[in-house]
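Read-outs: derived from the displayed coordinates by stated rules, not from any lab. Since the structure is predicted, the reported quantities are computational estimates derived from the model, not experimental observations. Backbone-built Cβ (ideal geometry, glycine too); neighbour counts: all protein chains shown.
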Amino acid sequence: MTKTILITGGSRGIGEAVVRAAAGKYNVAFTYLKSEDRAKALERELSEKFGGVFAVKCDVAGEHSVLSAVTAVKARFKHIDILVNNAGVSKSGLLIDMLPEEWRALMAVNLDGVYLMTHAVLPDMLALKRGAIVNVSSIWGLQGASCEVAYSASKAALIGFTKALAKEVAPMGVTVNAVAPGAIDTDMMKCYTAEETSALIAEHIPLGRLGSPAEVAAAILFLAEHPYITGQTLSIDGGMC
């Protein structure tokens, strides 16, 4: 039986790389929110080549939206074997300038979204006594970043979530791990100028370059497929940490 993988935020960046890496090996479902044209184009491209690719609109911060998306995926593929909680947003700036509603909006996606999606998918995994969950954290969740307090806090919380849930569900055969990407060449890096990016690489990345989404995707699938790794956070950062 072909396994099914569900990736949140799969229309671009790291999420898209996971979709591409998994297509042809798994039934692939992925969520999008605003990038409908891009998501549908990705769905068409990979479906024509491999089959078994399904894009579904979902606001991970909304309980009803999550339940609807999970129901749609299960109607299409019957079961969900791997969940990749990738959807996330960032907000740069001083904490004292951050409005309460901006803080709550970020946490709603980065943290509540992981809870809601995991809560919706996990019961079937526990019933089947198998499954894998991989959460996309960040090196800023490990060491914090100035002017990224809310983002860092949300990603640190994901690491705690991962460690605790891993212990909770291990007896039922479900693994839970996280990745902590560093400076990856995605849309999130576009807020930096070329000079700032070059300085970041020169001063902080021993391997001397940005990481690629495909490299993070490979690590995510490694953790998802490994039967004896759980509760771990794997840094993919070129040596930054």
Ranked by GNM mean-square fluctuation in the chain (Cα springs under 10 Å), the top entry among Pro181, Pro206, Pro100 is Pro100
Filtering chymotrypsin sites (Phe, Trp or Tyr not before Pro) in segment 154-241 by DSSP loop and by at most 11 other Cβ atoms within 10 Å leaves Tyr228
On each of the three principal axes the extent of the alpha-carbon atoms of segment 71-197, given in whole Å and largest first, is 49, 28, 26
The chain, Gaussian network, Cα under 10 Å: of Glu203, Glu45, Glu36, the residue fluctuating most is Glu203
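Please state the equivalent ellipsoid semi-axes for segment 33-95: what are the square roots of 5 times the Cα gyration tensor eigenvalues, largest first, in whole Å?
Over the Cα atoms of segment 33-95, the ellipsoid semi-axes are 25, 17, 11 Å.
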Contour minus Cα-Cα span, Ala127 to Ala105, at 0.36 nm per residue, comes to 4.6 nm
Simple SL model, points at 7 angstrom along Cα→Cβ for Asp97 and Lys190; separation in nm is 2.1 nm
At the level of C-alpha centres, the distance separating segment 41-58 and segment 109-187, in angstrom, is 25 Å
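Hey, what number do you get for the chain at 222 nm if only DSSP H runs of n ≥ 4 count, each worth -39500 (n - 2.57), divided across all residues, to the nearest 500?
One gets -14500 deg cm²/dmol as the mean residue ellipticity at 222 nm.
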With +1 on the Cβ of every Lys and Arg and -1 on the Cβ of every Asp and Glu, the dipole magnitude of segment 4-236 about its Cα centre, in debye rounded to the nearest 20, is 780 debye
When the chain is treated as a Gaussian network with springs between alpha carbons less than 10 Å apart, the largest mean-square fluctuation among Ala127, Ala39, Ala17 is found at Ala127
Surpassing 24 Å at the alpha-carbon level, of the pairs Lys91/Lys190; Lys74/Lys167; Lys49/Lys190; Lys34/Lys74; Lys34/Lys167, are Lys74/Lys167; Lys49/Lys190; Lys34/Lys167
Computed about the Cα centre, the charge dipole of segment 44-112 from +1 Lys/Arg and -1 Asp/Glu charges at the Cβ has a magnitude in debye, to the nearest 20, of 400 debye
